[in-house]
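Okay, structure first, notes after.
The values are calculated or read from the model by the stated rules, or taken from the named source; none is laboratory data. No experiment lies behind these values; they were computed from the predicted model shown. Quick reminder, even Gly has a Cβ in these numbers, built from the backbone with ideal geometry, and neighbours come from all protein chains shown. Quick note on the areas: whole protein, heavy atoms, side chains included, nothing else; ligands and nucleic acids left out. Shrake-Rupley method; radii C 1.70, N 1.55, O 1.52, S 1.80 Å.
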Amino acid sequence: MLNVAIVGCGKIADSHAAQIMRMRECNIVGVCDREPLMAKQLYERFRIRRYFSDLSTLLSDSRPDVVHITTPAESHFDIARLCLERGCHVYVEKPFTLYAEEAKRLIDLADDKGLKLTVGHSDQFSHVARRMRALVANGYLGSGPVHMESYYCYDLGDPSYARALLGDRQHWVRRLPGKLLQNVISHGIARIAEFLTCESPDVIAYAFVSPLLKSINEGDVVDELRVMICEEQRTTAYFTFSSQMRPSIHEFRIYGAQNGLVLDQDHEILIRLRGSKFKSYADKFIPPLSFAKQHLENLVENARLFLAKDFHMEFGMKYLIESFYRSIRQGAPPPIPYREILLVSRIMDSLFEQLATGRFQNRCAYQASAASPDMTAQMMPS
């Protein structure tokens, strides 16, 4: 039996508690939040053994084997470090830490203590994501990825979070080095990092405040980001974050020397792209039939999973948690390799350093001004 604790009792903690409750041989022994009412409401709704407002007391009284950290990102490092020092395995919600150096220190500490860490990149463990990973591993792309494109959109019309952020000048997200971007984009960056091979790829970032936010005098929250990521003479990738794109998509495309794949996270669809063309007019008729057949196959598979009660909104989180717990019980590697956690952190460090210093800004501003005088006004201020 694994004894589990949850630190941070906001909205995302509900998802963690619900998924842990689905698992056998797991017991939530305590929840903790600096605001006692937040801890109490989670304790009451999920019938948890105890609730706390002090982390040290939780660790000493409940003695959890695993701690899930679902607090604001600025506190992740300190809480994770204390939990590791007290002998607990740790699951940290995204973003893992604020800086890559903090991520490395936690990983080194976990290794020294013989403990395990993971990060909440649950999108990588949905049914469709695992089907994609299996195809890549079996050589469908050819020799490996040549180019990737990751799209991660966010609807600022969502009243549950975005309006709270925009309406509160003291919101904790505003204190992050990358603000809104840092709290959201790691899912999309992790898609790319999984298939990169070097430890420090080149990163070029361009970001700006959307006209919508400017119209409401919100110049502090950058909500449009375009990124190019390059490995020398090997793989390239584009990452796009947008609050304004419609449809608001969560999509990943990966291309190899032979074939490609398109993953649609929102609709749980995986499409295989044939690398070679058909001759003459056959290329206008056979591919549409192939795509129609694949969409039908996705429908059938999703229906099968739904009828088997294995198709719910947080399945990726459930699978990640189960895999993490299995790695603890069996002494196996954690489900997300540490090099991927570090690589995501390094890429994000590079992004936010560029946005903070205005690096590449002069070049982009010059090019934009040559095309349109209004474009320079959209650049993020240094």
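Write out, first by first residue and then by second, each pair whose Cβ atoms fall under 7 Å of each other, whose residues are 6+ apart or on separate chains, and whose first residue, in the range 84-108, is under 20 Å from Leu55 (Cα atoms) while the second is among the basic types (Lys, Arg) and not in a helix (DSSP H, G or I).
His89/Lys116
Kindly evaluate Glu297 against the criterion of being at pLDDT 95 or above, surrounded by fewer than 17 Cβ atoms within 10 Å (Cβ to Cβ) and of a type in the set (Asp, Glu). I'd like the intermediate steps shown before the answer.
Details: at pLDDT 95 or above: yes; surrounded by fewer than 17 Cβ atoms within 10 Å (Cβ to Cβ): yes; of a type in the set (Asp, Glu): yes.
So Glu297 fits the description; yes.
Report, by residue number, each residue of the range 13-54 that is without any contact (Cβ under 8 Å) to a residue 40 or more places away in the chain and under 27 Å from Ser126 (Cα atoms).
Asp14, Ala17, Met21, Arg24, Glu25, Asn27, Ile28, Val31, Leu42, Arg45, Phe46
List pairs: first in the range 294-310 and farther than 17 Å from Leu261 by Cα, second modelled with pLDDT under 95 and part of a loop (DSSP other than H, G, I, E, B), Cβ under 7 Å, 6+ apart or cross-chain?
Filtered contacts from the range 294-310: Asn302/Phe311; Leu305/Phe311.
Take Ala73 and decide whether it is closer than 23 Å to Ser186 by Cα and either touching a residue at least 60 places away in the same chain (Cβ under 8 Å) or under 17 Å from the mean Cα position of the chain (by Cα) (or both). Please lay out each step first, then the result.
Working: closer than 23 Å to Ser186 by Cα: yes; either touching a residue at least 60 places away in the same chain (Cβ under 8 Å) or under 17 Å from the mean Cα position of the chain (by Cα) (or both): yes.
For Ala73, the condition - closer than 23 Å to Ser186 by Cα and either touching a residue at least 60 places away in the same chain (Cβ under 8 Å) or under 17 Å from the mean Cα position of the chain (by Cα) (or both) - is met.
Answer yes if at least one residue in the range 18-39 is open to solvent by 40 Å² or more (accessible area, probe 1.4 Å), part of a strand (DSSP E or B) and in contact with a strand residue (DSSP E or B) (Cβ under 7 Å, 6 or more places away or on another chain), and no otherwise.
yes
To keep it simple, each residue is scored yes or no on (1) touching a His at 6+ places or on another chain (Cβ under 6 Å); (2) open to solvent by less than 50 Å² (accessible area, probe 1.4 Å); (3) without any contact (Cβ under 8 Å) to a residue 40 or more places away in the chain; (4) not in a loop (DSSP other than H, G, I, E, B).
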| site | (1), (2), (3), (4) |
| --- | --- |
| Ile229 | no, yes, no, yes |
| Gln244 | no, no, yes, no |
| Val262 | no, yes, yes, yes |
| Asp266 | yes, no, yes, no |
| Ser276 | no, no, yes, no |
| Pro287 | no, yes, yes, yes |
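How many residues are of a type in the set (Gly, Ala, Ser), open to solvent by less than 20 Å² (accessible area, probe 1.4 Å) and more than 14 Å from the chain's Cα centre (by Cα) if we restrict to the range 94-123? If you could, list the steps in order and put the result at the bottom.
Start the filter on the range 94-123 by keeping residues that are of a type in the set (Gly, Ala, Ser), which leaves 100, 103, 110, 114, 120, 122.
Retained after the next criterion (residues that are open to solvent by less than 20 Å² (accessible area, probe 1.4 Å)): 100, 103, 110, 120, 122.
Going one step further and asking which of them are more than 14 Å from the chain's Cα centre (by Cα), we end up with 100, 103, 110.
Result for the range 94-123: 3.
I'd like the full set of residues that are open to solvent by 20 Å² or more (accessible area, probe 1.4 Å), part of a strand (DSSP E or B) and within 23 Å of Ala73 (Cβ to Cβ), limited to the range 178-207.
none
For the range 131-145, check the following and say yes or no: at least one residue is in a strand (DSSP E or B) and open to solvent by less than 50 Å² (accessible area, probe 1.4 Å). So that I can check it myself, show each step before the final result.
Initially, the range 131-145 is screened for residues in a strand (DSSP E or B), giving 145.
Next, from what is left, pick out any that are open to solvent by less than 50 Å² (accessible area, probe 1.4 Å): 145.
Looking for residues that are in a strand (DSSP E or B) and open to solvent by less than 50 Å² (accessible area, probe 1.4 Å), one finds at least one in the range 131-145, hence yes.
Would you say Thr57 is among the polar types (S, T, N, Q), at pLDDT 95 or above and either open to solvent by 80 Å² or more (accessible area, probe 1.4 Å) or within 24 Å of Met317 (Cα to Cα) (or both)?
Working: among the polar types (S, T, N, Q): yes; at pLDDT 95 or above: yes; either open to solvent by 80 Å² or more (accessible area, probe 1.4 Å) or within 24 Å of Met317 (Cα to Cα) (or both): no.
The answer is no for Thr57.
Could you please let me know if Arg163 is over 18 Å from Arg346 (Cβ atoms) and of a type in the set (Lys, Arg)? Walk me through how you get there before you give the answer.
Values: over 18 Å from Arg346 (Cβ atoms): yes; of a type in the set (Lys, Arg): yes.
Spelling it out, Arg163 is indeed over 18 Å from Arg346 (Cβ atoms) and of a type in the set (Lys, Arg).
Within the range 293-320, track down each residue that is among the basic types (Lys, Arg) and not in a loop (DSSP other than H, G, I, E, B). Spell out how you get there, then give the answer.
Kept after step one, since they are among the basic types (Lys, Arg), are these residues of the range 293-320: 293, 304, 309, 318.
Matches in the range 293-320: Lys293, Arg304, Lys318.
What about Ile271, is it assigned to a helix (DSSP H, G or I), in contact with a strand residue (DSSP E or B) (Cβ under 7 Å, 6 or more places away or on another chain), open to solvent by less than 40 Å² (accessible area, probe 1.4 Å) and under 20 Å from Tyr151 (Cα atoms)? Step through it out loud before you land on a result.
Details: assigned to a helix (DSSP H, G or I): no; in contact with a strand residue (DSSP E or B) (Cβ under 7 Å, 6 or more places away or on another chain): yes; open to solvent by less than 40 Å² (accessible area, probe 1.4 Å): yes; under 20 Å from Tyr151 (Cα atoms): yes.
Considered against the rule, which asks whether it is assigned to a helix (DSSP H, G or I), in contact with a strand residue (DSSP E or B) (Cβ under 7 Å, 6 or more places away or on another chain), open to solvent by less than 40 Å² (accessible area, probe 1.4 Å) and under 20 Å from Tyr151 (Cα atoms), Ile271 comes out as no.
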